Amino acid sequence: MPAPFALPALPWPESALEPIISTRTIEFHYGKHHKTYVDILNKLIEGTDLADLALIEIVRRTAKDADRTKVFNNAGQSWNHTFFWESMKPQGGGKPHGKIAELIDADLGGYEKFIEEFLEAGTTQFGSGWAWLVIDKGKLAITKTPNGESPIYTTAVPLLTVDVWEHAYYLDYQNRRKDYISGVIENLTDWDRVNARLAAA
Ligand code: MN
């Protein structure tokens, strides 16, 4: 769907991720932060050559373009947030099943090692950014990106992400970023969605 972009509906009620992510955090994170990225993006691309493109194409075309950093930042953040909301569900998490479980065992040394490495990626992303589980040339990998960047303009296909910007956790966890990431990845991950993304990759 081309511009102007609407703020996509959340896949669950704002209170559904309690107590891992509070209603208040979702109200601010989705209703203020995510909405603002979408609103600014719409203003920036209105009447330009980007206005007829799908969001993911805007991200790809403006990545690495020093003249369009502001568009990229807001398009990237718009895409990343929707992908993040859709990576989670109430009563999610636990050990994965299906194809993703097989690949985590084969490529990442098992679920416990996956958790350990994902936490490492998320906690060592200095400043704002994102931690990702991706599939790159047939093999799973854990990566991290700063600010509004993502794997979608690389060879890697994202399967799962956690937002590690302070605005994602500060109301609930203050400086305890690791506790937040651990709470999300172990209790909210929508493994059915991850398997569907893997099948489509
Ligand atoms: Mn965010």
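The values are calculated or read from the model by the stated rules, or taken from the named source; none is laboratory data. None of the values given here were measured: they were computed from a predicted structure. No Cβ is skipped: glycine too gets one built from the backbone with ideal geometry, and neighbour counts run over all protein chains shown. Ligands, DNA and RNA are excluded from the accessible area calculation, which covers all protein heavy atoms including side chains. Shrake-Rupley method; radii C 1.70, N 1.55, O 1.52, S 1.80 Å.
A few remarks follow.
- Search result, residues across the range 92-101 that are out of contact with any Ser or Thr (no Cβ under 7 Å at 6 or more places or on another chain) and either closer than 13 Å to residue 199 by Cα or open to solvent by less than 40 Å² (accessible area, probe 1.4 Å) (or both): 94, 96, 98, 99, 100, 101
- Filtering 21, 40 for residues that are open to solvent by 30 Å² or more (accessible area, probe 1.4 Å) and within 16 Å of the ligand (Cβ to nearest atom) leaves a single hit, 40.
- Scanning the range 130-147 for residues that are surrounded by fewer than 24 Cβ atoms within 10 Å (Cβ to Cβ) and within 16 Å of the ligand (Cβ to nearest atom) yields 144, 145, 146, 147.
- Hey, residue 80 open to solvent by 60 Å² or more (accessible area, probe 1.4 Å) and within 16 Å of the ligand (Cβ to nearest atom) or not: no
- Selection of the range 24-37 for residues being surrounded by 16 or more Cβ atoms within 10 Å (Cβ to Cβ) and either without any contact (Cβ under 8 Å) to a residue 24 or more places away in the chain or more than 15 Å from the ligand (Cβ to nearest atom) (or both) yields only 26.
- In the range 162-198, residue surrounded by the fewest Cβ atoms within 10 Å (Cβ to Cβ) [restricted to those that are among the basic types (Lys, Arg) and away from the ligand (no atom under 15 Å from the Cβ)]: 176
- Set side by side, the residues 24, 61 differ, and just one is assigned to a helix (DSSP H, G or I), farther than 23 Å from residue 174 by Cα and either out of contact with any Ser or Thr (no Cβ under 8 Å at 6 or more places or on another chain) or of a type outside the set (Ser, Thr, Tyr) (or both), which is 61.
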